[in-house]
Amino acid sequence: MIPVSTFQAQPRHFWAHVKLLSEGLNYSLRGTIRRYTLKEIQQFLTDYGLSSSHLQDPLGPDYTYGDLIVAYINYRADVLERSVLPNLMNREQAKADFEQLRSNFKATLPQVYNKQSGIKRHPAYLTCIVNLLTEQVLDERYFNHNPQGLIVVTNEGRPLRTFSRRMDGAYPSIVNPLAVWEIKEYYGTTTFGSRVADGVYETMLDGEEFAELQEHSSIEIKHYLIVDDYFTWWVKGKSYLCRIIHMLHMGLVDEVLFGKEVLTRWPEIVRSWLDIDFVRPDLRPLSPKVIRERRRPEGTLWENIELHESPGE
């Protein structure tokens, strides 16, 4: 999933509204992702002791600031119900896809296992799928499938930035990477604990650091988030799915892959790195084999609206 440009371009005060309203009016109600009306939003702000008059500020000939908030909230519900939900897998589905991939491609990387023991121990299916697909597309090119250190960006051989957390993968390495990714798979989880919630906030922190690097040093590192498990995210964690949609449009991640979406979209993403190699001579492959495949433009579930000026921050 890539962000919708209309919402991606919004300033921080827009997200202040979205987060406050989501917390106050609830992300979901009786198992259903909530949608809000403009009247509900106005009443909530008034009850909270805040102004609501700015909701009528025009952003275009027929669009107001309040209309934009309603449009985003409706988009959020639509995209979660129509795109995210159908892609989420359970452990058995992930296992089947992993085993099919493994039977069709002879990988050289070792399998990654979950942190359980005994009968609960099994391959980390989503991570293994990502590694298999990455190795298959990159062929002989190196990537770090299990970083044991922090991401470091250098300038003339000196550390420029060292990031706070380890990633789950990096291309081509953790030093001056072109792309990094995080994987949140929770197959077999029976409750929604703080570990899952903390994982979302950690990704937000990572995104803030990458955004700061790009803003002040004009160095872009692609940041991907890959998540799965129907029970954890849909049954127990709808509010955190909403937060993931927020961080995507706030620019804290470049793209989010949900469940089986990884099977088709991840190879496209990895191939896109090969195109960038021609711009970055330092990333030229050891192998002469280069796969060039451009992603075709795709429509979105939400029709973009043309905006003009937003109210000042």
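Among residues of the range 111-138 that are among the polar types (S, T, N, Q), those with a Cβ under 7 angstrom from a residue that is assigned to a helix (DSSP H, G or I), sequence gap 6+ or separate chain, pair up as GLN111/CYS128; THR134/VAL270. No other residue among ALA71, ALA94, ALA124 is surrounded by 16 or more Cβ atoms within 10 Å (Cβ to Cβ), in contact with a Gly (Cβ under 9 Å, 6 or more places away or on another chain) and of a type in the set (Gly, Ala, Ser) apart from ALA94.
Considering every residue within the range 276-297, establish whether at least one is over 30 Å from ASP57 (Cβ atoms) and modelled with pLDDT of 70 or more. Looking through the range 276-297, at least one residue is over 30 Å from ASP57 (Cβ atoms) and modelled with pLDDT of 70 or more.
From the list LEU80, LEU21, LEU59, pick out the single residue that is surrounded by 17 or more Cβ atoms within 10 Å (Cβ to Cβ), of a type in the set (A, V, I, L, M, F, W, C), outside the structural domain of GLU261 (by TED's automatic domain parsing) and within 24 Å of ASP229 (Cα to Cα). Even if it seems obvious, please write down each step before you answer.
Numbers: LEU21 fails: within 24 Å of ASP229 (Cα to Cα); LEU59 fails: within 24 Å of ASP229 (Cα to Cα).
Being surrounded by 17 or more Cβ atoms within 10 Å (Cβ to Cβ), of a type in the set (A, V, I, L, M, F, W, C), outside the structural domain of GLU261 (by TED's automatic domain parsing) and within 24 Å of ASP229 (Cα to Cα) holds for just one of LEU80, LEU21, LEU59, which is LEU80.
Would you confirm whether any residue within the range 78-101 is under 30 Å from ASP168 (Cβ atoms), small (Gly, Ala, Ser) and without any contact (Cβ under 8 Å) to a residue 12 or more places away in the chain? Looking through the range 78-101, at least one residue is under 30 Å from ASP168 (Cβ atoms), small (Gly, Ala, Ser) and without any contact (Cβ under 8 Å) to a residue 12 or more places away in the chain. Just one of the listed residues (GLU182, GLU208) is outside the structural domain of TYR27 (by TED's automatic domain parsing) and either within 21 Å of LYS120 (Cβ to Cβ) or part of a helix (DSSP H, G or I) (or both), and it is GLU208. Take SER117 and tell me if it is under 27 Å from TRP233 (Cβ atoms) and either of a type outside the set (Val, Ile, Thr) or modelled with pLDDT under 95 (or both). Yes: the conditions hold for SER117.
Count, please, the residues in the range 211-237 that happen to be part of a helix (DSSP H, G or I) and surrounded by fewer than 21 Cβ atoms within 10 Å (Cβ to Cβ). Reasoning before the result, please.
So the first thing to find is which residues in the range 211-237 are part of a helix (DSSP H, G or I), and the list is 211-217, 230-235.
Filter once more, keeping what is surrounded by fewer than 21 Cβ atoms within 10 Å (Cβ to Cβ): 211-217, 230-231, 234-235.
So the count comes out to 11.
Inspection of the range 99-111 finds a residue satisfying the criterion of being surrounded by 13 or more Cβ atoms within 10 Å (Cβ to Cβ) and touching a strand residue (DSSP E or B) at 6+ places or on another chain (Cβ under 8 Å).
The values are calculated or read from the model by the stated rules, or taken from the named source; none is laboratory data. Since the structure is predicted, the reported quantities are computational estimates derived from the model, not experimental observations. A quick note on method: Cβ atoms are made from the backbone with ideal geometry, for glycine too, and the neighbour counts reach across all protein chains shown.
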